[in-house]
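Please read the structure below before turning to the comments.
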Amino acid sequence: MSKEDERQTARIDSLITPQQLTTELPTSDAITDYVTASRNRIKKILTGEERRLLVIIGPCSIHDPQSAFDYATRLSVLRNQYQDRLEIVMRTYFEKPRTVVGWKGMIFDPQLDGSYNVNQGLRSARDLLIKINELGLPTATEFLDMFTGQYIVDLISWGAIGARTTESQTHRKMASSLPCPIGFKNCTDGNLDIAIDAVRAARNRHVLLSPDYRGQMAIYQTSGNQSGHIILRGGQKPNYYPTDISATCQKLRKCQLSPYLMVDVSHGNCENDYCNQLKVAKNIGHQIRSCHSSRSAIVGVIGRKFYKRRGSGNHCWKNLNIWTIYH
């Protein structure tokens, strides 16, 4: 590499390999079996074989492992309480997609101070996922960076490709290699066809360039992910109404895809006001109940929910541990 090229980057540190991290923080046979069983349950819901509703719920992103584990402990109680009707999975997002700039998530900046201790971020993420799965609570995440997924994917029961990356060929190839069900969100402008194309692409085999567990770049042949599905998250306007659901199902059938989908009650569907999430969720519940004996096309929902502040006070992220769980 020429000196001119080197001026564009500055080395921060060596990156721990997936093999090193999984050796340092291994999973037990019980957790491995639990994740496999969780994935299989979710797959059955997504194909309409099981009538329970998949619910992905939790913080917008993880910033503090202790607060997240406290939330998980309380959420696991609700999971057990409603397990006959709901498959509750905790949202554990460690990376943040940004339209321009901003905090990139706990994996990249665990101290929230621009120090970018990525190795610590990876350790914290994996350690937290192990603890949450030990509670009997499955976990979900968005796969954003092409490499970080290898460090945690064995602990993830459901994954998402976000609205900003659904059109990315590289992310579609990555999705085809992942062992968990993957949801593709419609684009930020509301475009649905791109997400459907992504589901179709991920079902096929691809050649993927990626590091192996020892950190050595390798050439892989993916198997294709048959559990890809659509997530309606709204765009310039909401797209969770019955007409939107019906139109989406028609497009899925036309492409010979399973006519089942998930709805994200946040983002464009709540018109970027988190207080509207409950209104959207109630509408979705009404749509599901109105199907009576037939199977609703809506098989899952996603929502953002964490802690509710007692009073106004300081808005610094460091003070989030004083919040109380919002039921």
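Computed from the coordinates by the stated procedures, all read-outs in this text should not be read as laboratory data. Model, not experiment: these values are computed from the prediction. Methodologically, a virtual Cβ is constructed for each residue, glycine included, from the backbone with ideal geometry; neighbour enumeration extends over all protein chains shown.
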(request) Would you mind listing how long region 179-278 runs along its three principal axes, going by Cα atoms, in whole Å with the largest first? (result) 46, 32, 20
(message) Order 232-241, 55-64 from most to least packed using the mean count of other Cβ atoms within 10 Å.
(response) 55-64, 232-241
(request) Kindly give the semi-axes, whole Å and largest first, of the ellipsoid equivalent to region 88-220, taking each as the square root of 5 times a Cα gyration tensor eigenvalue. (result) 23, 18, 17
(request) Compare PRO259, PRO179, PRO211 in a GNM of the chain, Cα atoms joined below 10 Å, and give the one with the largest fluctuation. (result) PRO211
(request) Within region 191-215, which residues have the backbone N less than 11 Å from the label spot 7 Å out from GLN236 along Cα→beta-carbon, could you tell me? (result) 191
(message) Filter LYS44/LYS251; LYS104/LYS251; LYS3/LYS104; LYS3/LYS96; LYS44/LYS254 down to the pairs with a C-alpha to C-alpha distance above 24 Å, please.
(response) LYS104/LYS251; LYS3/LYS104; LYS3/LYS96
(request) Compute the distance in nm between two label points, each set 7 Å from the Cα along the Cα-to-Cβ direction, one at SER14 and one at ASP113. (result) 2.5
(message) Suppose we keep just the DSSP beta bridges with both residues in region 11-308; what percent of those would be antiparallel, to 5?
(response) 15
(request) Using the Cα centre as the reference, give the magnitude of the dipole from point charges on the C-beta atoms of the chain (Lys, Arg: +1; Asp, Glu: -1; all else neutral), rounded to the nearest 20 debye. (result) 1040
(message) Over 10 Å intervals from 0, what percent of Cα-Cα pairs in region 1-125 sits in each interval?
(response) 11, 28, 33, 19, 7, 2, 0
(message) With a 10 Å cut-off between alpha carbons and a GNM built on the chain, which of ARG98, ARG51, ARG123 moves the most?
(response) ARG98
(message) Compute the orientation-averaged projected area for the chain from the convex hull of its Cα atoms and round it to one decimal in nm².
(response) 17.7
(request) Rounded to the nearest 500, what is the 222 nm mean residue ellipticity of the chain from helices alone, with -39500 (n - 2.57) per DSSP H run of 4+ residues and division by all residues? (result) -10500 deg cm²/dmol
(message) Suppose every Lys and Arg Cβ carries +1 and every Asp and Glu Cβ carries -1, with no other charges. What dipole size does region 189-242 come out with about its Cα centre, to the nearest 20 debye?
(response) 120
(message) Expected output is a single nm value to one decimal: the length gained when fully extending between HIS286 and GLN226, i.e. 0.36 nm times separation in residues minus the C-alpha distance. What is it?
(response) 18.7 nm
(message) Between region 26-42 and region 185-224, how far is it from one alpha carbon centroid to the other, in angstrom?
(response) 23
(message) Run the simple label-point estimate for GLU167 and THR23 please: 7 Å along Cα→C-beta, distance reported in nm.
(response) 4.3
